[in-house]
Amino acid sequence: DTEVTQTPKHLVMGMTNKKSLKCEQHMGHRAMYWYKQKAKKPPELMFVYSYEKLSINESVPSRFSPECPNSSLLNLHLHALQPEDSALYLCASSQEPGGPGELFFGEGSRLTVL
Amino acid sequence: GENVEQHPSTLSVQEGDSAVIKCTYSDSASNYFPWYKQELGKGPQLIIDIRSNVGEKKDQRIAVTLNKTAKHFSLHITETQPEDSAVYFCAACYNNNDMRFGAGTRLTVKP
């Protein structure tokens with residue numbers, strides 16, 4: 001069982017909806033990540049939080065808005081998405097920011113934008 | 001930035017045979033090379049990693065080799081089993097913030 005929990009597992013939303021993806025880890029890790037994975041492609045980094053502060057934003061459109069309420073939680077707020085944003089969104093954590101070291105991935109939230 | 005190439009994109013082997021997946025990287029500053037296995041409907045999971053001060057690492061049926069001069073590293077799976085069937089990603093980085101994944105290899109182990 002993964003120690004990084006993501007909810008919901010599946011989400012279908014229209015282009016005008018506002019929704020959120022949630023991620024939780026209780027391993028005491030101080031770095032958390034959002035990745036986007038399209039079908040048959042590798043994960044692509046979107047955001048990095050180090051010690052609950054946003055440290056990396058890989059030029060992601062503003063319709064994606066991350067939030068880190070505390071050291072265990074990571075949210076990704078979605079608004080006015082496009083059909084091409086349909087993908088598997090993976091949350092990951094690592095023990096220390098920078099590392100390098102193992103990334104612990106959740107099982108992902110599969111998003112479909114209609 | 002780092003660029004990682006991975007080959008082959010698909011690999012089919014008979015149960016019990018060996019499987020080899022190869023990756024090359026571009027940034028000589030990269031010093032950490034993990035391999036992740038992603039099963040259908042799941043997130044990637046680390047299976048083995050190697051750091052640049054080591055040339056080879058083995059964990060039971062899985063081994064990884066690293067050639068820093070040539071900037072390539074390989075995953076070797078021996079005595080393959082059907083449960084090894086999955087997509088395998090190599091990656092390279094100097095720190096986790098710049099980790100770049102290869103395109104992936106879909107391994108099928110036929111019983």
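The values are calculated or read from the model by the stated rules, or taken from the named source; none is laboratory data. As the structure is a computational prediction, the values presented were derived from the model and not from experiment. As a convention, Cβ positions derive from the backbone with ideal geometry for all residues, glycine included, and neighbour counts pool all protein chains shown. Surface accessibility is based on the protein's heavy atoms, side chains included, excluding ligands, DNA and RNA. Shrake-Rupley method; radii C 1.70, N 1.55, O 1.52, S 1.80 Å.
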Legend entry - Residue count for region A:66-100, restricted to those that are assigned to a loop (DSSP other than H, G, I, E, B) and touching a helix residue (DSSP H, G or I) at 6+ places or on another chain (Cβ under 7 Å): 3
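Have a look at B:Ser28, B:Ser74 and point out the one that is in contact (Cβ under 8 Å) with a residue 12 or more places away in the chain, open to solvent by less than 40 Å² (accessible area, probe 1.4 Å) and of a type in the set (Gly, Ala, Ser).
Exactly one residue qualifies, and that residue is B:Ser74.
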Inset, instruction - State which residue is nearest to the other protein chains (Cβ to nearest Cβ) when the search covers only region B:85-111 and only residues that are open to solvent by 10 Å² or more (accessible area, probe 1.4 Å) and part of a helix (DSSP H, G or I). - result: B:Asn97
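Take region B:48-71 and flag every residue that is within 27 Å of A:Met46 (Cα to Cα) and open to solvent by 40 Å² or more (accessible area, probe 1.4 Å). Reasoning before the result, please.
First, the residues of region B:48-71 that are within 27 Å of A:Met46 (Cα to Cα): B:48-52, B:71.
Hits for region B:48-71 are B:Arg51, B:Lys71.
Of all residues in region B:41-69, which are hydrophobic (A, V, I, L, M, F, W, C) and at pLDDT below 95?
B:Val54
Restricting to region A:75-114, give me the number of residues that are open to solvent by less than 20 Å² (accessible area, probe 1.4 Å) and either more than 10 Å from the chain's Cα centre (by Cα) or within 14 Å of another protein chain (Cβ to nearest Cβ) (or both).
20
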Legend entry - Residues that are assigned to a strand (DSSP E or B), surrounded by 13 or more Cβ atoms within 10 Å (Cβ to Cβ) and basic (Lys, Arg), drawn from region A:5-63: A:Lys19, A:Lys22, A:Lys36
